[in-house]
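The values are calculated or read from the model by the stated rules, or taken from the named source; none is laboratory data. Not measured: the values here are computed from a predicted model. In this analysis, Cβ positions are derived from the backbone assuming ideal geometry, glycine residues included, and neighbour counts consider all displayed protein chains.
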Amino acid sequence: MRISGFTIIKNAIINDYPIVEAILSILPVVDEMVVLLGDSEDETKQLIENINDPKIKIFHSVWDASLRSGGSVLAVETNKAFQLIDPKSTWAFYIQADEVVHEQYLPAIKLACELYASDKSVDGLLFNYLHFYGTYDYLGDSRKWYNKEVRIIRNDQLISSYKDAQGFRKKEQKLHVKLIDAFVYHYGWVKSPEQMMKKRKEVGRFWVDDEGVKNFDKLPDVFNFDEYDSIASFEGTHPRVMLDRIKQKNWHISLNLHEKKFRLKDYFLYQFEKITGIRLFDFKNYKLIK
């Protein structure tokens, strides 16, 4: 049983992605790590090369600037990276540039890969998610944050990235997956207000047409982190690979944990989930195998 890791990255420094931490977080459980570098305008290539691990295999790609609508270029690049993994691998572990896996979950991940390796009814493995917001101390805890997603897929070329690369499909059909006892920590919304807006303008271009790009250019230079519906305090520990980055944080944001900004329906759905652990009427881009 072999596991290949794969990821895509472009302008990691400009957008302050924790891509090095993302890669390092899954290196212990993968046999190779495919990194597909986009045509960056910064020193992303050197950043990845400086990891200096023999498991890492670097490839290069030019992103198609015409594939902007709906983030489709991200799926195209993800599929390119997936096609580069070792054909002998059983599983492919996809990690995005702002996602990190805590080391406490690595044994469970490896065990699940071994357990379902020969069970072809399992197309992939489903992870729980934590979405950090503003700083490393806050979590987005409302229904607008997806709470689960597939990050390990079987090495089957009938499987491909879906829409903006959040999940996967097999011949346009939802994957049959097993939920495992592991979390992905998503840090995409943890940046200084200035850096967050800079990233929003840069990355947002992959979701909009020319008119939308003009609207992004009109945005202010500072992101307003008060634009949340509900947040919670994070009481756990961060992945070891994130600790140096966390020490370097040079901004302060204070958010109101008690303020809830919901419509009535969303408030009741939120409260129901907090009491029961059940998320009603939620879109799932997978079929869960019990």
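Looking at ASP137, is it touching a Ser or Thr at 6+ places or on another chain (Cβ under 9 Å) and within 17 Å of TYR270 (Cβ to Cβ)?
So ASP137 fails the test.
Conditions (1) surrounded by fewer than 21 Cβ atoms within 10 Å (Cβ to Cβ); (2) not in a loop (DSSP other than H, G, I, E, B), marked per residue:
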{"residue": "ASN79", "(1), (2)": "yes, yes"}
{"residue": "PRO107", "(1), (2)": "yes, yes"}
{"residue": "SER118", "(1), (2)": "yes, no"}
{"residue": "PHE127", "(1), (2)": "no, yes"}
{"residue": "HIS131", "(1), (2)": "no, yes"}
{"residue": "TYR136", "(1), (2)": "yes, no"}
{"residue": "ARG143", "(1), (2)": "yes, no"}
{"residue": "LYS178", "(1), (2)": "yes, yes"}
{"residue": "ASP181", "(1), (2)": "yes, yes"}
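Do you know which of the residues in the stretch 16-69 that are free of Cβ contacts under 8 Å to residues at least 12 places away in the same chain and assigned to a helix (DSSP H, G or I) is farthest from GLU202 (Cα to Cα)?
Filtering first and then ranking leaves GLU49.
Could you list, in sequence order, all residues of the stretch 238-267 that are under 25 Å from GLY167 (Cβ atoms), part of a helix (DSSP H, G or I) and touching a helix residue (DSSP H, G or I) at 6+ places or on another chain (Cβ under 6 Å)?
Residues satisfying the conditions are VAL241, MET242.
Just the residues that are among the hydrophobic types (A, V, I, L, M, F, W, C) and more than 20 Å from ILE14 (Cβ to Cβ), please, taken from the stretch 43-68.
If the condition is that a residue be among the hydrophobic types (A, V, I, L, M, F, W, C) and more than 20 Å from ILE14 (Cβ to Cβ), then ILE56, PHE59 are the ones that fit.
Select from the stretch 58-92 the residues that are among the basic types (Lys, Arg) and farther than 27 Å from LEU115 by Cβ and write down the one among them that is modelled with the lowest pLDDT.
Ranking the candidates gives ARG68 first.
Considering only the stretch 115-133, I want to know if a residue exists there that is closer than 29 Å to LEU37 by Cβ, touching a Ser or Thr at 6+ places or on another chain (Cβ under 9 Å) and not small (Gly, Ala, Ser).
The answer is no, given that none of the residues of the stretch 115-133 is closer than 29 Å to LEU37 by Cβ, touching a Ser or Thr at 6+ places or on another chain (Cβ under 9 Å) and not small (Gly, Ala, Ser).
Suppose we keep only residues that are surrounded by 10 or more Cβ atoms within 10 Å (Cβ to Cβ) and not in a helix (DSSP H, G or I) within the stretch 210-223. Which one would you say is modelled with the lowest pLDDT?
The residue in question is LEU219.
Going by the conditions given, is PHE59 under 21 Å from the mean Cα position of the chain (by Cα), more than 30 Å from TYR136 (Cβ to Cβ) and surrounded by 13 or more Cβ atoms within 10 Å (Cβ to Cβ)?
yes
Kindly indicate which of TYR270, TYR228 is outside any loop (DSSP other than H, G, I, E, B) and either surrounded by 10 or more Cβ atoms within 10 Å (Cβ to Cβ) or modelled with pLDDT under 95 (or both).
Unique residue meeting the criteria: TYR270.
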